[in-house]
Amino acid sequence: MPKNPVMIPRPATLAQRVPWQQALSHAISDPRELLRRLGLDASLLTEMEHAHGLFRTRVPESYLARIRHGDPFDPLLLQVLPQGAEASGHPSFVADPVGDGDAMAAQGLLHKYRHRVLLVTTGACAIHCRYCFRREFPYGAFSAARDWKPAVDYIRRHADITEVILSGGDPLTLPDRRLEELLHGLEAIPHVTRLRIHSRLPIVLPERVDGGLLSWLGKGRLAHVLVLHANHPRELEAPADAALARLRSTGVTLLNQSVLLAGVNDDIETLCRLQEACFSAGILPYYLHLLDRVRGVAHFEVAEARARALHDGMRTRLPGYLLPRLVREIPGAPGKMPVESIGAATPPTDRIEQATRSDA
Ligand SMILES: *Cc1c(COP(=O)(O)O)cnc(C)c1O
Ligand code: SF4
C-alpha cells in the first residue's frame, strides 16, 4: 500500500473522472496548438489557417492521444487536420450533396426512407472530421435542438414510423436530461419500437460514456441500437476501449459505420483490421460509406471501382458477418444504395456464364 495514495498518478482512472462536458470544452481548437502538441512542422500552418476558417479545427485530447507524434500522415491525424486542399473548388462537390435540405418533414426531422425517420438533434460535434458531409449543413435553421415537440408530433401522427434515428451533429453532445426528455416523448408513442443513435463520441470522447449515459441507455420500452463511427482500427484503442467495454455491458446492439477515406483506410489490410477490432470490442460492422461529395472533401475520395475492389478483397478475407455493406447515398433513393459487386474474385462475364449454365 503506498504511503500517500493521492500522489500516485493513475491516468486511466483520472481520465474517467474528467466530466465529459469539461473534456469537450477542452478540445483543441487552435491549428497552431495542434501542430505543437504533435511535434509537427509549423510550416503546415499557412495552409491550415484557410481550411480552419472554412470549418474550425476541433480535436479532443483523448483523440489526440491516439495520434502518432511527429507523423504528418498519421491516419487519425488526416481526419482532423485542416488542409489546403479543402479550399480547392470541384464542380461536383456541393453544399448539400444528399438533398437533406429538401427532405425536412418537421423542424430537424428527415423522413426519406420508409418506417424510419432521422432527427438532426444538434449541430455540435466533439470532433471536426474534415470529410464531414454536414460541414456545410445549416444547423441553425434545421436542427431540432431548440424544441423536440414538432418532430415528436410528426412521429406520433405517422403510424408507419417504427424507428427513430438520432443523428446530428452528434446527439451525445446533448446533456442526458435533454435526451431523456426526447426518449420519454418517443416511448409514449406506441408504434415506435426502436431508438437508434448514431454517435462518434464513444470513440472520440470516451469520457461521454459515464454514469449519466449508462443510467438511461439500454433501458426503457424501446430497443436501443448504437451505431458508432470508427474509420481506423487504432481509434478503438485506449482510452476508447474502456468506454466500449462499458457500452457492451448495457447489452445495447452496437454497430459500426465507416467512411472510405483516401489516405486513412483505403487499403484491404486496414479495413480488415478495423472489422476485426470492432468484433473484439463487441461491435458488428454495418456500413462502409462512399464519401458524400460535399464541398472541400474531394481529396478524400476513393473512386467507386477501387472501392469495389477493396470490398471484394475484404470479402475474401473476412467471415460474412464482419463484412460491412458498401453503400453510397443518392438523393431521392429509397435507402442507402449498395455499390458492391455481386460476387468476389470472379469477373462479371464468368459469373453471367455460370448463371446461364446453372439455369440450363
Ligand atoms: C441513412 C439514413 C437513414 C438510415 O438508413 P439505414 O439504411 O436504415 O441505416 C434514415 N434516414 C435518413 C434521412 C438517412 O440519411
Ligand atoms: S462526428 Fe460525424 S457529424 Fe461530427 S464532424 Fe465527424 S463526421 Fe461530421
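Per-structure values
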| item | result |
| --- | --- |
| Subset of region 213-239 [without any contact (Cβ under 8 Å) to a residue 60 or more places away in the chain, farther than 21 Å from L271 by Cβ and open to solvent by 30 Å² or more (accessible area, probe 1.4 Å)] | L214, S215, G218, K219, G220, R221, A223 |
| Filter result (open to solvent by 10 Å² or more (accessible area, probe 1.4 Å), of a type outside the set (A, V, I, L, M, F, W, C) and either assigned to a helix (DSSP H, G or I) or in contact with a helix residue (DSSP H, G or I) (Cβ under 6 Å, 6 or more places away or on another chain) (or both)) within region 70-85 | Q83, G84 |
| Scan of region 297-335 for residues that are acidic (D, E) and surrounded by 15 or more Cβ atoms within 10 Å (Cβ to Cβ), ordered by number | E301, D312, E329 |
| Selected residue (only one of A145, A124 is hydrophobic (A, V, I, L, M, F, W, C), within 16 Å of ligand 2 (Cβ to nearest atom), open to solvent by less than 40 Å² (accessible area, probe 1.4 Å) and within 30 Å of P31 (Cβ to Cβ)) | A145 |
| Candidate set: region 118-173, residues that are more than 16 Å from ligand 1 (Cβ to nearest atom) and aliphatic (A, V, I, L, M); chosen: the one modelled with the lowest pLDDT | A141 |
| Flag if P72 is within 14 Å of ligand 2 (Cβ to nearest atom), free of Cβ contacts under 8 Å to residues at least 60 places away in the same chain and not assigned by TED's automatic domain parsing to the domain that holds I203 | no |
| Filter result for the condition that a residue is basic (K, R) and assigned to a loop (DSSP other than H, G, I, E, B), over R234, R221 | R221 |
| Flag if S258 is open to solvent by 10 Å² or more (accessible area, probe 1.4 Å) and on the phi < 0 side of the Ramachandran plot | no |
| Filtered residue count, region 240-277, keeping only those that are in contact with a Phe, Trp or Tyr (Cβ under 9 Å, 6 or more places away or on another chain) and either part of a helix (DSSP H, G or I) or without any contact (Cβ under 8 Å) to a residue 40 or more places away in the chain (or both) | 2 |
| Residue check for R194: in the same structural domain as P233 (by TED's automatic domain parsing), surrounded by 15 or more Cβ atoms within 10 Å (Cβ to Cβ), over 30 Å from S62 (Cα atoms) and out of contact with any Asp or Glu (no Cβ under 9 Å at 6 or more places or on another chain) | no |
| Number of positions in region 95-114 that are at pLDDT 85 or above and away from ligand 2 (no atom under 16 Å from the Cβ) | 9 |
| Residue match in region 87-96 (condition: within 16 Å of ligand 1 (Cβ to nearest atom), crowded, with 17+ Cβ neighbours inside 10 Å and part of a loop (DSSP other than H, G, I, E, B)) | yes |
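The values are calculated or read from the model by the stated rules, or taken from the named source; none is laboratory data. Keep in mind it's a predicted model, so treat the numbers as computed, not measured. Cβ atoms come from the backbone with ideal geometry, glycine included; neighbour counts cover every protein chain shown. The area values use the complete protein model at the heavy-atom level, side chains included, leaving out ligands, DNA and RNA. Shrake-Rupley method; radii C 1.70, N 1.55, O 1.52, S 1.80 Å.
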